[in-house]
Amino acid sequence: MIDYRSDTVTRPNTAMRELMATALVGDDVWGDDPTVKRLEAMAAEMLGKEAAIFASSGTQSNLIALMCHCQRGDEYLVGQDAHTYKYEGGGAAILGSIQPQPITNEVDGSIALENILAAIKPDDFHFAKSRLLCLENTIAGKVLPMEYIKSATSLASEHGLLNHLDGARVFNAVVNLGIEVKEIAQYFDSVSICLSKGLGAPIGSVLCGSSELIKEAHRWRKTLGGGMRQAGIVAAAGIYVLENNIQRLQIDHDHAALLGAELAKIPQLDVDLDSLHTNMVFLKAHEGDFIALSEFLEQRDILIDARYTARLVCHLDISREDVDTTIEAIKEFYK
Ligand SMILES: *Cc1c(COP(=O)(O)O)cnc(C)c1O
């Protein structure tokens, strides 16, 4: 199967599995797992933060961060289309007693500065306390401009808010910009990264921040049921992907660019090339939906996530040859 549904579908390779099989482990809830500690130290160092904590998923890592930054009755400002708001089961509100204040995302994925400003509540008991701004980078495959990140986070800080980055795919932004992840992370009080997206680990996310924040994060991770025991087995794969799979994301970006450019030549399709910065291609059909196309592709062992729009995500289990096969198949469908 050539599977474009997400970059979460990648399978661990032999090298990763060998490291997992031979990883030194201990009980991480007791703080005894050397491999988890090594992963955490490595992530903290890369992001220029004091400390880090390994979490079972990005959803959990983001929720831990929100619960550390916000108390019951506080609110966080977040994009209407953001993962933490829209795709994490409402965890912040349900489990954290944190009110989300969603704000429309602009076409480029940013939240307009004037809209952030307008959403920050005055200190008045009628309102929840605005406590945190949460950005996402990349968002729907789009890279937030560095100038924007700087302005938005300093605007939030000036008004007494903290800043969190949902950096599930921050390394795609890093590779696109040709910078170090530190350069993005420096603007945030906490950053969550996913090892299991384009980087290709089977499981896991890491939350990075100050030592104080991470100490508090251990408490909330336990509360959320995220204390894992001999977690070094999965952390070993995380170390492998941080060491080996960051720069290769460029290959996925090149594959996506090629797919986008070729599919844009098909008259029935509308491809948003302006927002194709990284590994995701979004298609719209001028008429109808993509159901017949996805069935046609499935018969050819190609899976896409599609209904009225289609999303094709490139990752390390999709080769240049697979991309060529896919372009041929889609062209054949629309012939
Ligand atoms: C995938 C993802 C997450 C976390 O997802 P999990 O499936 O819980 O690991 C968070 N934010 C964004 C933007 C994501 O794409």
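Every number here is computed from the coordinates shown, using simple stated rules; none is lab data. As the structure is a computational prediction, the values presented were derived from the model and not from experiment. Cβ: placed from backbone, ideal geometry, glycine included. Neighbour counts: every protein chain shown.
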Scoring only Lys, Arg, Asp and Glu (+1, +1, -1, -1) among other residues with Cβ under 12 Å from the Cβ of ASP324 yields -2
Which log10 I(q)/I(0) values, to two decimals, does region 181-335 give at q = 0.09 Å⁻¹ under the Debye formula with one point per Cα?
-0.42
Extend 7 Å from the Cα of THR309 along its Cα-to-C-beta direction; within region 126-151, residues with backbone N under 14 Å of that point are 139-143
Inter-site label distance for ASP254 and ALA292 at 7 Å from Cα along Cβ, in nm
3.6
Excluding VAL78 itself, calculate the net charge of residues whose Cβ lies under 10 Å from the Cβ of VAL78, where each Lys or Arg counts +1 and each Asp or Glu counts -1.
-3
Using alpha-carbon coordinates, inclination of helix 249-263 to the longest axis of the chain, degrees:
40
Compute the Rg/Rh shape ratio of region 15-55: radius of gyration over Kirkwood radius, all on alpha-carbon atoms.
1.02
P(r), alpha carbons of the chain - 20 Å bins starting at zero, rounded %:
31, 55, 14, 0
Efficiency by 1/(1 + (r/R0)^6): what FRET value for THR22 and HIS126, r their Cβ-Cβ distance, R0 = 45 Å, to the nearest 0.05?
0.15
Straight-line reach from LYS197: which lysines have a Cα under 16 Å away, not including same-chain ones fewer than 8 places off?
LYS142
Identify all aspartates and glutamates with a Cα-Cα distance to LYS182 below 20 Å; exclude those on the same chain that are fewer than 8 residues away in sequence.
GLU40, GLU45, GLU50, GLU136, GLU147, ASP166, GLU212, GLU243
Two-decimal log10 I(q)/I(0) for region 228-303, as the Debye equation yields it once each C-alpha is a single scatterer, q = 0.22, 0.26 Å⁻¹
-1.01, -1.19
Based on alpha-carbon atoms only, what is the radius of gyration of region 1-137 relative to the globular estimate 2.2 N^0.38 Å?
1.31
Report, in degrees rounded to the nearest 10, the 0 to 90 angle that the Cα long axis of helix 58-69 makes with the longest principal axis of the chain.
30
Report relative contact order for the chain in percent, whole number only (criteria: Cα-Cα under 8 Å, sequence separation at least 6).
25
Estimated 222 nm signal from helices in the chain, with DSSP H stretches of n ≥ 4 weighted -39500 (n - 2.57), rounded to 500
-12500 deg cm²/dmol
Once you compute Rg and the Kirkwood Rh from C-alpha atoms, what is the Rg to Rh ratio for region 100-251?
0.99
